[in-house]
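Report on the following structure.
What follows is calculated from the coordinates using simple rules that are stated; it is not laboratory data. All figures in this text were calculated on a predicted structure; none of them were measured in a lab. Note that each Cβ is placed from the backbone with ideal geometry, even for glycine, and that neighbours are counted across all protein chains shown.
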């Protein structure tokens, strides 16, 4: 609901871009999990802006503090409160947009919905909100590690440049998080060019999950496909999601798209994986594949037509330090959402079968 | 949750393809709404198979009966129970797949998740489940009519044939529900060809909503984009969703993709609508546009490799009457999901602002 | 939410007293459970009115039909739809209250909330709605049987007559479901007297659960005490709930009320059970005890002052066949609610600890 | 769910008694509400321990800081994050109970449920958690003020002493928050006596709500009675809840208990209010009345039998500064829960009727 993700593993984020602090509360995390600020910070550092020349140079001070739910290094089952304090929060530069609506941003819709808004840096609609998702996602990642699931993401296309080779080791070796180092270099150039022309570029982020148990996802409303759709389209700047072949499936015939089954070491496998790891909305044990359409960043330093809260036509020039492409920063957020989702579904699904329930006095 | 859609306007569907009946329970519908079996049947008739030569010839007997929640022609606020009884339910032809997993279907994943399944006609995973969505969606459509919102969908691409012209009046004039009558004819031919070659084809369904109030959708987890993603990806055979420009946005630059604002008759409008009617996850009053990737139907009458519940490699030949393309039938289901979603968000959003709350004794 | 109980084991009831049918949909029941109409009917028969001279003589035809979710005698994990068709539905006798509000009933509040109501027999507010709870509760009881939990209820006080002895075997041996046969006889007389004087009497129903695993219930909002409070106060005519000593605890001192611990066969037990089976909102493995205050039935065949929908003062005389005490019929409903609640919490709690999660490919 | 109260006005609390901080996140508060740390602090100061000789002398430092969701003195619709930092947190005195289970406390059940616990001061099960409820409740109170609803609570019985007179002005004039100053003095003496004899006493807290709109509460599962039951039984130390006459209704006859209706100034009123302000689970506009059974505090400075985590029988002596009666401190918490609940139901109920929905472009 609104600021809360998940049903069993529930994450509530709070905080505005230029408020005193941001945070997240994780409720429903199994007790006994080893967790520390260092483990969480590791994921947060991958999200941080100011990390390279292709992303915004602000120092946001993403340092996490754990305020509850962890005792002597392990979770207690109580809600885990995570906080970071905002720095660098001179917001006078936002005075100019106090009563203006920036095109592509949420200024107008928030104004209409709420009638009162924190305009500084986008307030609640700022991508800074994803801090809480990544911090919580790091905890989810630890739970998944316990059951052997492995999630990662990368940039597969940017500014019309697509990757040709895949080497997972390369992803964190370049500034755009592309697994193809040659394409990565061209992408960096494209971002630099966009920046110089006061413009921005879009791209595609792909998320994968390996070693996912068979059986995650529910029939009908909560299909795994549907839950991935919600999780990914809740990330700022995402305007499309596809699973497996996705929109390419549209061009295929049924006999091509169907993934035939065969037995391998006593386990049912599929010959191909056009379905992206799920059938009937339930995981089938193959690699989960989702691709996200990332729009070009809305903040471009050019004059744009707009209106203001007084109903006047205006011209706005959005200044400030902005990412010419948000794609590299979407990578850790997409991972976080997939981690959160898979833990949530895993916890929800442990009771699907009667033979999973243990007779007797103990909760198992 | 699982079989339930929505939070304020909650729809729970139940029933299997070859069980005695299917149905839906709608809870949270405002009292006082005029509704009748005729109104609901009108939408159901658009969903029905056997309606044309390009869809499956089964007579499913989709007739709706209202069992509760409506008194003297108007809703009472109590849950509305809708039921239809299954006919034509000789299921012996499914004996052959009792212990086999059809490629592309949910047989294998249901088997693994639940350990016991109704194999007849796909059981719960059958597209027959959408009966309850369309029946409930017809009620949602009546609520939306009250506030002036108008939802419709159509096939924009099928078997690599794309529409070139748009005439809303044409949609229900042809068998494939394409607003371009010329493309429609070619699509019909493509479906017939696919049928003859024992194969199936995919396509794209576009859903639009007109006259949507500004302010629907919540920040962060429940963005309007995200809720559309979940709603549409919960429809059988959908493998991708995009909003506005969607995956085309990936190729654009920021200054192109941003929709500039201007004043029109005292109302803030956008010059273009690349965003598809929402900003920051909240409706902006422009046309809502979503496109769905529909995979080619999984039931193809060709030999396919598979495995069985005993861990043996097998060959399966899926026979029976099947739609060579599900696209025309996705149209009313996509409309239903959009209707359900918009009502749900509308009811949820009436309290967003304090000045929406009325002092005094009355609930308003 | 409204017509839905539970989070993992979700029951949605629907139907009005004099509509064509009533029913319930159970979503989230583990697959593989043996269930049949006979098993469910057994619990329903205990609820039925017309079963004795101390309850209403109507023949309500409570026969259950399973419409979905069960295949070859076992649950499939799909929603289970249960239905019963109303008989004996001449509702002309309710014409007199079409525009009147019966004191003690929901006529006035439904009218104000919904502006349109089915007045026949109380419509949705009729105790007939509990049919769906008892039918669903019978399924929950089967799940609990699998893990060894045993729930039962009885009348401990009625018309100021309290039980002095407890013999569980006696409960179903008398018309009022009192475990003390001597008190039971006096209670029957009191009910007959009330009936003759056109009046009604209240009482207390006690619910117990044996062999409950330690660990059910959540900290803070969803304490086991709180969930029992909600479940029991959702039953018609219940105006109070107490756990363990309940309102008697008010008179005690701390050293008396505290249940001291001791070891018994390697298990932590309590010397006394003033707390009624829970500490800090979590089950402690001792007997769960809740007591419900049942108000005297509101339908009394005496002239009463009232008002009508036109704002006029009126006199109403409620005629018809009514229970002079609802207590005996609350017994199976209270059992149903406890069964539903305990299954729900059990399914929700299987993931509380990391060491409950199984590494590897399987959902356990 | 677990640490979250409410569905529209959602409050998530977090924090342990001796962790670095405690807090609450309020999501779903209407935008535009005037709120400040001063307004919230006012309610928190009423909850604070150390406020008198009859409550614990600890200085808990309850000072609230608002971290998000409020901009220039008014809510923005974004989640409101409230925090307080713990002081006085020397927890070495709790070392003695690190592996012991205190009778009447949650030590044993948390240990069994989670397998790892923060034992210091009760950790998450400490009544200190109610800080977040009272802080959030202060915001809810401001919303209710806008619509004219007024909630208050008081101690009506303590250590077998009952109040004889009612003067609302007296409630905050004495240490036990009893509206009868004579009874209040006797209660203070009783608490002092209990303290001297190393014991504790129970009592009854009554909560009332005035001027509640007709129509709050839902049929069946979410009856107003049921929601009050859950809210109040989620407060630490509460073991019973009754509405209106409650357990006294058990002794009454139907014609006595029914509240007859009459017209007063064009409004339907009841002659009496045995039902405590609700009929059929829906508010009827009369005063809402609930009474809570408060058990005697579990911490008594006497030797008690117990067991430890190693399965050994032990003797425990709980030392430290404890309240000999928690009743005076339950008062602000009970008010908070009622405030939270009524706002939640009010926001949820604004769409119950079609004629409450406004046609056209605006969300109303």
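Note on the stretch A:188-325: semi-axes of the ellipsoid equivalent to its C-alpha gyration tensor, largest first and rounded to whole Å, are 41, 17, 13. By the count of neighbouring beta-carbon atoms within 10 Å, fewest first, B:136, A:283 end up ordered A:283, B:136. When the Gaussian network model of chain D links Cα atoms closer than 10 Å, the mean-square fluctuations of D:306, D:220, D:13 top out at D:220. Under the simplified labelling scheme, the residue B:185-residue D:262 pair shows an inter-label distance of 8.1 nm, with each label point 7 Å from Cα along Cα→Cβ.
From most to least packed by mean Cβ count within 10 Å, the peptides A:102-108, B:73-79 give A:102-108, B:73-79. GNM remark for chain C: springs join alpha carbons under 10 Å apart, and the peak mean-square fluctuation among C:303, C:222, C:172 falls on C:303. Does anything in the stretch D:132-173 have its amide N under 18 Å from the 7 Å Cα→Cβ label point of residue D:211, and if so which residues? From the stretch D:132-173, the list is D:138-153, D:168-169.
Each copy carries a label point for residue B:90 at 7 Å from Cα toward Cβ; from one copy, the others' points are 4.6, 8.3, 8.7 nm away, ordered from shortest. Compared with the dominant Cα axis of chain B, that is its longest principal axis, helix B:224-233 is turned about 20°. Shielding of peptide D:144-155 by partners, expressed as the average count of other chain Cβ atoms within 10 Å per residue Cβ, is 2. For residue A:189, the point set 7 Å out from Cα toward Cβ sits 4.5, 9.4, 10.4 nm from its twins in the other copies, listed from shortest up. Over the residues of chain C, the helix contribution to mean residue ellipticity at 222 nm works out to -7500 deg cm²/dmol, using -39500 (n - 2.57) for each DSSP H run of at least 4. For the pair the stretch C:95-126 / the stretch B:220-271, the C-alpha centres are spaced 46 Å from each other.
Counting only other chain Cβ atoms within 10 Å of each residue's Cβ, the peptide B:280-287 averages 5.
Once the Cβ-Cβ distance between residue D:98 and residue D:38 is put in as r, and R0 is 35 Å, what FRET efficiency do you end up with, to the nearest 0.05? Please list the in-between numbers first.
Values: r = 40 Å, r/R0 = 1.13.
After rounding to 0.05, the efficiency reads 0.30.
Each residue, residue C:302 and residue A:269, gets one label point 7 Å from its Cα in the Cβ direction; the gap between the two is 8.0 nm. Taking other C-beta atoms within 10 angstrom as a stand-in for reagent exposure, C:97, D:80, D:309 fall in the order D:309, C:97, D:80, fewest first.
Take every residue in peptide D:299-307, count the Cβ atoms of other chains within 10 Å of its Cβ, and give the average of those counts. Show your work: numbers first, answer last.
Working: counts 2, 6, 2, 3, 1, 7, 7, 7, 9.
Mean shielding by partner chains, rounded to a whole number: 5.
Axis of helix C:327-348 versus longest Cα principal axis of chain C: the two differ by about 40°, to the nearest ten degrees.
Distance from the alpha carbon centroid of the stretch A:183-218 to that of the stretch B:161-199 works out to 35 angstrom.
Between B:307, B:237, B:190, the residue with the greatest mean-square fluctuation in the GNM of chain B (Cα pairs under 10 Å linked by springs) is B:307.
For the stretch B:252-364, report the % of Cα-Cα distances exceeding 23 Å. Before the final figure, lay out each step's value.
Values: 3937 of 6328 pairs.
So the portion of pairs separated by more than 23 Å is 62 percent.
Mean sequence separation of contacting Cα pairs (under 8 Å, at least six apart), scaled by the length of the stretch B:223-364, corresponds to a relative contact order of 22 percent. Taking Cα pairs under 8 Å and at least six residues apart, what relative contact order does chain B come out at, in percent? The normalised contact order for chain B reaches 20 percent. Helix B:130-147 and the longest principal axis of the Cα set of chain B meet at an angle near 20°.
Quick one: plug the Kirkwood hydrodynamic radius of the protein assembly as shown (C-alpha pairs) into Stokes-Einstein at 20 °C, 1.002 mPa s, and report D in µm²/s. Estimated via Stokes-Einstein, D reaches 66 µm²/s. Copy C relates to copy A by a rotation, and the C residue whose beta-carbon is nearest that axis, with the distance in whole angstrom, is C:350, 3.
Computed over chain C, the percent of Cα pairs more than 40 Å apart is 16.
Arranged by the count of other C-beta atoms within 10 angstrom, fewest first, what order do B:131, C:111, D:14 take? It would help to have the intermediate numbers written out before the result.
Values: B:131 26, C:111 20, D:14 29.
With the sparsest Cβ surroundings first, the list reads C:111, B:131, D:14.
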